1. For peptide A:18-31, how many partner chain Cβ atoms fall within 10 Å of a residue's Cβ, on average?
2. Residue by residue through the stretch B:222-232, what is 3J(HN,Hα) from phi via Karplus (6.51 cos²θ - 1.76 cosθ + 1.60, θ = phi - 60°)? Round to whole Hz and write x for glycine and proline.
3. Partner chain Cβ atoms within 10 Å, averaged over the residues of A:93-101 - can you pull that number for me?
4. Give the average, rounded to an integer, of partner chain Cβ atoms located within 10 angstrom of each Cβ in B:252-263.
5. Can you work out ³J(HN,Hα) from phi for every residue in the stretch B:161-174, in order, using Karplus 6.51 cos²θ - 1.76 cosθ + 1.60 and θ = phi - 60°, giving whole Hz and x for Gly and Pro?
6. Work out how much length A:Asn39 to A:Leu66 would gain on full extension: take 0.36 nm times their residue separation and subtract the Cα-Cα distance, in nm to one decimal.
7. Report, ordered by chain and residue number, the lysines lying within cross-link reach of B:Lys287, taken as a straight Cα distance under 23 Å and ignoring same-chain residues fewer than 8 apart.
8. Could you give the nm distance between label points at B:Thr11 and B:Leu218, where each point is 7 Å from its Cα heading toward the beta carbon?
Amino acid sequence: MSNAQFIIFELEKQQYGIRIDFVNGINKLKDFLIYNVPNSPTFIEGIINLRGKVIPLYNLRKRFNLANNNITKEDEILIAIVDDFMIGLIVNEVIDIVKISDEDIEPTNRLFSNNIYSTFISGIAKTNEHMIIILDVQKVLTAEEQDLVVPLIEGQNIEAINDKI
Amino acid sequence: MSNEKTTMNLTNIKLQDVIDIDFLQKFQDDFATAIGLASVTVDTNGIPVTNPSRYTRFCNYVHSTKIGDNRCAESHRKGGEEAARLGKPVTYECHAGLIDFAAPIMLEGQLIGTILGGQVLENFQNEDKYKQIASEINVDEAAFVSAAKEIRLMSNEEILAAAEVLYFVANSMAKNWYHQRKLADATDTLNESLNQIAATMEQLAASAQEVNNSQKMLNAEINNVNTMSEQISEVLDFIKEIADETRMLGLNAAIEAARAGTAGLGFGVVAEEIRKLSSESKQTVAKIRSFVDKIQASIKNTVKIGDTTISATEEQSAAVQEMTASIEEISSLSESLNELAHSK
């Protein structure tokens, strides 16, 4: 596919893009109750109940090691689809849906040496005004993290969450 | 205006206006008796304003005929004119050969009357002169000569000194009256001006009060506008919320359309239009909000200026009140002065 659609969102002034195929929808953070999960990684803000489904919330600011990593009530949740389950990415704001051709995306292996923090960056798209970091959402969860997070979801059903309130 | 009033018009001033005739009569009588010479005071037309004091029998004879009376009047007129011309008492020989004096009563250089007197002689000359006059004025010669012999003898120096006394007293009275009259006119003007000032002050106080009231009403109205702009802000929050919901709806619709592949293409176009609309609404809200902010800043400033106006008019009112009190004090002083000036 040489001309894919991307969801563009902003996180602490930087724009990121995720291929629309991996996005399920967008919600407002303030519309949800966040349930804390004990013993979870620090970048897991908690879990939410989205139309009957348990969704873990990723604090991308923490995941990306940003200086300012607190969530705000203006934040939005981008529901991404990783393999067979959905995760919620907390972002400042989803701003656009754009078409970006493959030629406009610079692969990261030319820009970065392989390190653990940049593996989920699949490339940099240059538009007229911005540099957009294209995320490989499947790599946002490392194999180890998947091992941590997946049982978290599978181990608890909705009833169990509701009981906790 | 004050200059016109302090310089009085003296052309129609009568002797009776200026001098207390009763007092002058008494003084003239007493003086005539003391010194032993006759005296009468006449106005500018030669008409007596006092009764003759101590007229001699000789002169009564002269005045008993029409021709004698006329000659006396002519003689008095001439003497009076001479005295007025010189501005001081003069002595002269009358048509019947007696020594008379004329003392002008002047006010600011203008003649208002004359004190005439004398009916004395420096020395008795001869009977023929008086017989001649008696025949001219148609009176009995023998009786006239006998009356002439009764005429008191007095040196010119003595006559002039007596005239000076009458001149001094009458002119002092005139001058005194004139000063009092000027004072009265000045206090009248003062009173009038003070009344005008007081009236103006009242108007000033009233208008200051009016400005104050208007400004207060204006401030209240501005506060209404402020409340309304706050309500607009609330509505804007609501509109922004709707625009935001619309944006989310558009985005989610676009995602669904993309996921539907070619089947979702048409729907994708609609979704994009919805996003555009919501974005425009959001921008419009921002614009309106910036206008509302400007309005509120302007309102704040207006209220501040209004408060300054209110405090300024309140100060003005206080100052006017103080001034009114001062004017009242001056007015009562001026009234006292006026009473004093108008008392005889």
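Where a number appears in this text, it was derived from the coordinates with a stated rule and is not lab data. What you see is a predicted model, and the numbers here were worked out from it, not measured in a lab. As a convention, Cβ positions derive from the backbone with ideal geometry for all residues, glycine included, and neighbour counts pool all protein chains shown.
1. 3
2. 4, 4, 4, 4, 4, 4, 5, 5, 5, 5, 4
3. Other-chain Cβ atoms within 10 Å of each residue's Cβ, averaged: 3.
4. The mean count of partner-chain Cβ atoms within 10 Å per residue comes to 4.
5. Those phi angles translate into 5, 5, 4, 4, 4, 4, 4, 5, 5, 4, 6, 4, 4, 4 Hz.
6. This chain segment gains 7.5 nm when fully extended.
7. Filter leaves A:Lys13, B:Lys240, B:Lys276, B:Lys300.
8. 5.5
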